[in-house]
1. I'd like to verify a number: residues in the stretch 12-26 that are among the hydrophobic types (A, V, I, L, M, F, W, C) and either within 13 Å of Val140 (Cα to Cα) or in contact with a helix residue (DSSP H, G or I) (Cβ under 9 Å, 6 or more places away or on another chain) (or both), how many?
2. Any idea which of Ile111, Ile63, Ile73 is within 24 Å of Phe173 (Cβ to Cβ), of a type outside the set (Phe, Trp, Tyr), open to solvent by 10 Å² or more (accessible area, probe 1.4 Å) and in contact (Cβ under 8 Å) with a residue 12 or more places away in the chain?
3. When you look at Gly86, is it under 14 Å from the mean Cα position of the chain (by Cα), at pLDDT 95 or above and crowded, with 22+ Cβ neighbours inside 10 Å, yes or no?
4. Return only the number of the condition from (1) open to solvent by 40 Å² or more (accessible area, probe 1.4 Å); (2) within 16 Å of the chain's Cα centre (by Cα); (3) within 27 Å of Thr185 (Cβ to Cβ) that Leu27 does not satisfy.
5. Which one of these does Leu129 not meet: (1) under 24 Å from Phe173 (Cα atoms); (2) modelled with pLDDT under 95?
6. In the stretch 181-190, which residue that is hydrophobic (A, V, I, L, M, F, W, C) and closer than 16 Å to Val37 by Cα is least open to solvent (accessible area, probe 1.4 Å)?
7. Examine the stretch 139-157 for a residue that is under 25 Å from Val23 (Cβ atoms), part of a helix (DSSP H, G or I) and at pLDDT below 95, and state whether such a residue exists.
8. Taking only the stretch 123-162 into account, find how many residues are without any contact (Cβ under 8 Å) to a residue 40 or more places away in the chain and buried (at least 17 other Cβ atoms within 10 Å of the Cβ).
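The values are calculated or read from the model by the stated rules, or taken from the named source; none is laboratory data. Just so you know, these numbers come straight off a predicted model, no measurement behind them. All Cβ positions, even for glycine, are placed from backbone atoms using ideal geometry, and neighbour counts span all protein chains on display. Areas reflect the complete protein model, heavy atoms only, side chains present, ligands, DNA and RNA absent. Shrake-Rupley method; radii C 1.70, N 1.55, O 1.52, S 1.80 Å.
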Amino acid sequence: TASDTQYPELLGEIPDPPEMLYVRGTLPAPEKVCVSVVGTRKATAEGKQQAREVARALSARGIVIVSGLAFGIDAAAHEGALEGGGATVAVLAGGVDAVYPREHEQLAERILENGGGLLSEHPVGTPALPHHFLERNRIVSGLSRAVVIIEAPARSGALATARYAALQGREVFVVPGPARHPHFTGSHML
């Protein structure tokens, strides 16, 4: 709960923090720095490679990578963190008992095996509903000191994460892409 000493301090400082967190695995220690790496589900191969490289480099320096376990940039960020030898936290849109998307169950297991965690504000048994995805983005940014946007189209959940980050007083970094590529329209607007 929000009154528990293990509740992440940064998350407790945001507007509308979750009253309760459900965790499988391990939350980062309070002294650990967390950085979110997010972007589109329909990422280009180059975008996924960038996410992997950024997460790997940060992870190798002891920074915990936070993302949403979605297809595309999120999964690449988690994989990069694991390659960098560090921990990563996946914030889920449903309960921690049912990984969504199912195709990422093995990735979720690797996250747990490597000292990371799966986190949700929803009780066990809660399905990943459409409106939960945008709500979870405030937690992704709320756990982190900074958010890195890798590849975001004009309509992207990553832009919602960037807005939450700005409201929460977090740094927002954006990796630019080709000037006319539609997957970077939102990134360039930021």
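1. In the first step, residues of the stretch 12-26 are kept if they are among the hydrophobic types (A, V, I, L, M, F, W, C); the result is 14, 20-21, 23.
Imposing the further condition that a residue be either within 13 Å of Val140 (Cα to Cα) or in contact with a helix residue (DSSP H, G or I) (Cβ under 9 Å, 6 or more places away or on another chain) (or both) reduces the set to 14, 21.
Final tally of qualifying residues: 2.
2. On the way: Ile111 fails: open to solvent by 10 Å² or more (accessible area, probe 1.4 Å); Ile73 fails: open to solvent by 10 Å² or more (accessible area, probe 1.4 Å).
When all the criteria are applied, what remains is Ile63.
3. It is false that Gly86 is under 14 Å from the mean Cα position of the chain (by Cα), at pLDDT 95 or above and crowded, with 22+ Cβ neighbours inside 10 Å.
4. Among (1) open to solvent by 40 Å² or more (accessible area, probe 1.4 Å); (2) within 16 Å of the chain's Cα centre (by Cα); (3) within 27 Å of Thr185 (Cβ to Cβ), Leu27 violates only (3).
5. (1)
6. If we take residues in the stretch 181-190 being hydrophobic (A, V, I, L, M, F, W, C) and closer than 16 Å to Val37 by Cα, then Phe184 is least open to solvent (accessible area, probe 1.4 Å).
7. yes
8. Initial filter on the stretch 123-162 (without any contact (Cβ under 8 Å) to a residue 40 or more places away in the chain): 125-132, 134, 154-155, 159-160, 162.
If we keep only those that are buried (at least 17 other Cβ atoms within 10 Å of the Cβ) too, we end up with 126, 128, 132, 159-160, 162.
Within the stretch 123-162, residues that are without any contact (Cβ under 8 Å) to a residue 40 or more places away in the chain and buried (at least 17 other Cβ atoms within 10 Å of the Cβ) number 6.
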